[in-house]
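Worksheet: the structure to be examined is printed underneath.
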Amino acid sequence: MLEAHPGLPEFDYIKPKTLAEASRFLADHAGEARPLSGGTDIFVRMRDGVWKDKYLVDIKGLDGTDEIVYDPSKGLTIGAAVAMNRVSAHPDVKKHYAALADAVDKVASYQLRNRATIVGNICNASPAGDTIGACLLLGGALDVHGVDGARTEPLASFFEGPGSTALKPGDVVTSLRLPLPPKGLVGRYYKLGRNKSSDLSIIGVTVVGFPDKRAASGYRIKLALASVAPTPLVVAQVEEILAAKPVTEQTIAEAAQAAMDACTPIDDVRASARYRKMMARNLSQKALTEIWNQLGR
Amino acid sequence: MTTTVVHERIPEPIGESKPRLDNRKKVTGAATYADDMQFGSGLLYARILHSPHPHALIKSINISRAKALPGVKAVVTGEDFPGFIGLYLQDRHIFCRDRVRYVGDPVAGVAATSEEIAVKAVNLIEVEYEVLEPVVNPEFGASPDAPLVHPQLSEYKVVPFILPQAGTNISNLFKVRKGDVGAAWEKCAAIVERKYRIPHIQHVPIEPHVAIAQVDETGEVTLWGSSQSPFAQRNLIAQALGISQSDMRVVAPYVGGGFGSKAGVSMEALAVAIATKVRGRPVKLRLTREEEFYTAFVRQELISYFKMGCDKNGKILAMENRFYWGGGAYTEYGVNVTRAAGYSSTGPYEVPNVKTDSYCVYTNHPVGGPMRGFGMPEMHTGLEQCIDDLAHEIGIDPVEIRRRNCIREGSILVTGSKMHPTGLPQCIEETAKAIQWGQKASPSAPNKRRGKGTAIMWKAPAMPPNAGSSAWVELAEDGTVTVGLGGQDLGQGTFTVCAQMAAAALGVPYESVRIATPVDTRFSPYEWQTVASRLTWSMGNAVVSAAQDARRQILDLVSEAWGEDPEDLDIRNGVVVSYKSEQEIPLKDMVIYGLPKPNDSGWMGGPIRGRGKFMPTYVTSLDPETGQGERAVVHYTTGSQSVELEVDLDTGQVEILRGASSFDVGKAINPEMVKAQMEGGFVQGLSSALFEEMKMVDGYMQNPSFVDYRIATTTDAPSDLQSVIVEVPQDDGPWGARGIGEHSMVATAAAIANAIFDAVGIRMEGPPFSAEKIYLAMLDAGIVE
């Protein structure tokens, strides 16, 4: 760290004209090329010497990557190069995907969000990624263009470990798709940092909820945690508890305890595992209570 | 020398919040900083090879591969530069010679035609080390069991008031023995004993250190750098290189924040040393943020023990304090932090019986140096919590115990000196009033607890007894005034304040005064350093003296020309007027070309240039065994800070709801800038209280970037931040002014700690009072489950 390079190391900037060209180049240079959109993580890591890629393949402007579209019959499509501030300012995102809008507004700083992208946040696969929990709980899937053409990767099976995903050499994620929200959907993201702005999450809690007649309790409430496991963590027990039993202060406490029990955080320079576990419980309780209030209690 | 006290009348624009001189340039981006300066294609880039070990012997260095790399123009090591460098204690070489003492210690340097080549060359240097056991705890470091960081300590050159202890890691020991502490304890109705631990933090200026050095064919050196101390750098670097101070020129453009880190000498000497090997070519060295953390000055860490007792009325009878300062690898500057803490060790209280031992201890940590507050925040953070605990122990309100014990005019201080007039009692009332002390407001939510806390402080300029200032004042053909000075504007606004003082002393509008910048040791008058919050007072006195000298020359000339008594003349708004004859003449008509003698018999006068200087002449030495003496310091600025905050029981997070500061600045030359200092200091203090810590493990820093070294931003600062100016004049300050720059963060962390205690009843060993630390302490105390 002390010998961090004073500037960026040398690399070649590649600007392909088509997705096919991008995929081909990335596949031909596996291990030394990387897709670039906002660059807010890439440049920091290259400067720190963590990533040593020789080529950055700019995917901005390729088929649909710069578009954000809400279709009332299909849902939301966010292009891979759409900056976070554009997402959270989009009226349909605010209206239909509150958890995502809330999470986006808590990533780093406004200035950084002018460049940073949600797809970048997802592909980075950091356990601390603030927007990932919302995308997971909202049933998100990625449109991926690979050497064999286009395919879809559901987020539920996308994350394999810190920084590790289902993407293969040659893959370019072109967009994130979120299905139409269930009726009455509400959502919230709680982030605990060391100070108020621009910090990485010590822990993040995403909660979404909606009325659901098929659930015994009448509600479907889901919760995801950031920074407490090797991958973004959806705590299935929370959904089960709050679907099976009537939603009360007691069942919310039980669900929050389940969230605490499900997580496996580590000690690091930001916080201890012990504190993170307790915060998983306390903030889950807080977030679930707020969602319950929003659902009309 | 002339006295510059002008109490009888406060002339314009003293006490007016004039706009800063540098506003426009800084806001538009036109201001030029060191890294903006252009040196053409001949510029070489320097990079440094740093020690990867906290403590090791250098067995061998092989630079041959680095030297052979195309584009490399010089590779230097400690062998090339045998001289010592240091402000108070010369314990440092420019490059390490036989031993490395911290991770980041400079081992070799490279100059190359590009930064990239310099980086490559540094990586080609091979060094063989013999790793030694590091000292990472100052209390252990002071013990006889600790390995020696500087075995040659007793051979180092040192100023008379610093007392290194031969054969130990203690590079200074300041002792106070006043009254009879042993006999006092039995008279106490309450006694508290506490231990605190304050971590290393850093200044984190937004502009990292940068220096460009060039040595010409004759050996004359020019250094351009982001600097608080161009003259000290001239002196110390010249000494280390064995050249004349006159052959060493330092030019100091705008500075993007200093807070002490750009005082004295740090990386600038590396750039100069490398430049001596590539004569004729400028060499630029700029630190990365990581290097800034590892290799620039840091604030010393402190392990402090306090024992204090009072009678049943809360009157403090005795204090016994022990300070183990973690000075880091070199304490050339830091030794004086520990001295300042010694002679201020009671805090702003009158205490009849005092025993203090303040140890400056070498450790294998980054180099401890001057930082805003110069030991006072670290010391007061413990002391002012301990005072609160004593108040609770004896059952007296924390503000009341401060009222009863705080120093006042005539109080006998810890060193035996007598206190000058001070507004401290008034400051205490102001901050108590500002946060409605004594009234408990209910928390904003059921899961929050609300608390209030207060802390008071004092601080003297810590410097050699004879630190001097000088200035000149010149007038141009149009009557505008240029002030030459050698102190630096770090953003605190000293140029603006000096322009105001020159305008007032001379009798011209503020708008017609310029400051001769950048400060350049070849042309600017001498100034010791921009430190110690001493410029408004010391450099201000020199500027006023120079302006008065120019004024005298002008009035003498006009009185001769008009045949009037100078006493009947005045300069108002740039015009000389006679109150007797009602004649007047604008300055522009006489300050360059003089005035004609009567009857066409020639001319008199000539270009006006006033000269001024100031140096305190009254500071005495202190007895090395007792710390007693007639006058330890020039003066103390005093003040008080209070906060109201909430602790979140779910997370341990602290929200500062409001803060109040009140300081006795003697006279606020520019009240808005005084308030800006109070606000800025409060936020920096808040940051050190809640977030900042260099996390050190076995001598290695774990968080050398802003990702994990958190600093407060505006969102963490309270929107309700009150600053109340108190003005009890200083007898030798310009219009009574004394300093305020550093004082404003001294009491903040203690006030916050006291408010956290008020809210949830917990005390922690030391800052940062992070959410995690508070939550776990509440858990241990059974406040949360």
**Per DSSP, loop GluC sites (Glu not before Pro) in segment B:540-629 with at most 11 further Cβ within 10 Å** = B:Glu582, B:Glu625
**Message:** Quick one: 3J(HN,Hα) in Hz for segment B:498-505, Karplus 6.51/-1.76/1.60 with θ = phi - 60°, rounded, Gly and Pro as x.
**Reply:** 5, 5, 4, 5, 5, 4, 5, 6
**Asked** Using mean Cβ contacts within 10 Å as the protection proxy, how do A:113-123, A:48-58, B:367-377 order, highest first?
**Response** B:367-377, A:113-123, A:48-58
**Rotationally averaged projected area of segment B:169-305 (alpha carbon convex hull; nm²)** = 12.3 nm²
**Asked** Hey, rough spin-label estimate for B:Lys312 and A:Arg297, points 7 angstrom out along Cα→Cβ, what's it come to in nanometres?
**Response** 5.3 nm
**Prompt:** If the chain between B:Thr715 and B:Arg552 were fully stretched, how many nm would it gain, using 0.36 nm times the residue separation less the Cα-Cα distance?
**Reply:** 53.5 nm
**Request:** Return the whole-Å distance between the Cα centroid of segment A:1-70 and the Cα centroid of segment B:585-609.
**Result:** 72 Å
**Fill in**
Taking only C-alpha positions in segment A:186-294, Rg and Dmax in angstrom work out to 13.6, 45
**Request:** Evaluate the charge dipole of chain B about its Cα centre and quote only its size in Debye, nearest 20, assuming +1 on the Cβ of each Lys and Arg and -1 on the Cβ of each Asp and Glu.
**Result:** 700 debye
**Message:** Can you give the log10 of the normalised intensity I(q)/I(0) at q = 0.17 Å⁻¹, computed with Debye over equal Cα scatterers of segment A:68-179?
**Reply:** -0.76
**Item:** Rg ratio (alpha-carbon, reference 2.2 N^0.38 Å) - segment A:12-58
**Value:** 1.10
**Asked** Once Lys and Arg get +1 and Asp and Glu get -1 on their Cβ, which of A:Thr165, A:Gly31, B:Gln628 lies farthest toward the positive end of the dipole of the protein assembly as shown?
**Response** A:Thr165
**Item:** Restricting segment B:255-357 to trypsin sites (Lys or Arg not before Pro) in coil, as DSSP defines it, with at most 11 other Cβ within 10 Å
**Value:** B:Lys312
**Fill in**
Per the 1/(1 + (r/R0)^6) rule, R0 = 25 Å and r from the Cβ atoms of B:Ser114 and A:Asp58, FRET efficiency to 0.05 is 0.45
**Asked** Could the peptides A:33-46, B:649-662, B:60-73, B:525-538 be put in order, highest first, of the mean number of other beta-carbon atoms found within 10 Å of their residues?
**Response** B:525-538, B:649-662, A:33-46, B:60-73
**Asked** What base-10 log of the normalised intensity I(q)/I(0) is obtained for the protein assembly as shown from the Debye formula, alpha carbons as equal point scatterers, at q = 0.04, 0.05, 0.09 Å⁻¹?
**Response** -0.24, -0.38, -1.13
**Complete:** Comparing A:Ser73, A:Ser88, A:Ser175 in a Gaussian network model of chain A (Cα, 10 Å), the one with the largest mean-square fluctuation is A:Ser73
**Item:** Magnitude of the charge dipole, chain A, Cβ model with Lys/Arg +1 and Asp/Glu -1, debye to 20
**Value:** 920 debye
**Request:** Using only atoms on other chains, find how many Cβ atoms lie within 10 Å of each Cβ of peptide A:267-273 and report the average.
**Result:** 3
**Asked** In chain A, with Lys and Arg counted as +1 and Asp and Glu as -1 at Cβ, which of these residues, A:Ile14, A:Pro72, A:Ala253, has the Cα nearest the positive end of the dipole, that is, farthest along it?
**Response** A:Ala253
**Request:** Could you tell me the largest-minus-smallest coordinate of the C-alpha atoms of chain A on each of the three principal axes, in descending order and whole angstroms?
**Result:** 57, 49, 31
**Item:** Set of lysines near A:Lys168 by C-alpha distance (under 26 Å), chain-local residues within fewer than 8 positions excluded
**Value:** A:Lys15, A:Lys17, A:Lys52, A:Lys54, A:Lys60
**Item:** Cleavage-rule hits, chymotrypsin sites (Phe, Trp or Tyr not before Pro), segment B:1-108, DSSP coil, Cβ neighbours within 10 Å at most 16
**Value:** B:Phe39
**Request:** Note down the net charge around B:Leu721, summing +1 for each Lys or Arg and -1 for each Asp or Glu among other residues with Cβ under 10 Å from its Cβ.
**Result:** 0
**Request:** Springs between alpha-carbon atoms under 10 Å, Gaussian network over chain A: tell me which of A:Gly140, A:Gly79, A:Gly218 tops the mean-square fluctuations.
**Result:** A:Gly218
**Item:** Kirkwood-Stokes translational diffusion coefficient of chain B, alpha-carbon pairs, 10 °C, 1.306 mPa s, µm²/s
**Value:** 58 µm²/s
**Request:** Please find, in a Gaussian network model of chain A (springs between Cα atoms separated by less than 10 Å), the residue of A:Phe11, A:Phe158, A:Phe210 whose mean-square fluctuation is greatest.
**Result:** A:Phe11
**Prompt:** Looking at B:Gln233, B:Thr32, B:Ser661, which one has the Cα that reaches farthest to the positive end of the dipole of chain B (charges on Cβ: Lys, Arg +1; Asp, Glu -1)?
**Reply:** B:Gln233
**Structure-based [θ]222 nm, the protein assembly as shown - -39500 (n - 2.57) summed over DSSP H runs of at least 4, per residue, nearest 500** = -7500 deg cm²/dmol
**Asked** Hey, got the dipole for segment B:467-587? About the Cα centre, +1 on K and R Cβ, -1 on D and E Cβ, debye to the nearest 20?
**Response** 600 debye
**Asked** Counting only the backbone N, which residues of segment B:431-450 are under 20 Å from the spot 7 Å out from the Cα of A:Lys196 toward its beta-carbon?
**Response** B:435, B:442-450
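Taken together, the values in this text are just the output of simple stated rules run on the coordinates, not laboratory data. The shown structure was predicted, so the numbers you read here are calculated from the model rather than taken from an experiment. For neighbour counting, all protein chains shown are included, and Cβ atoms are generated from backbone atoms with ideal geometry for every residue, glycine included.
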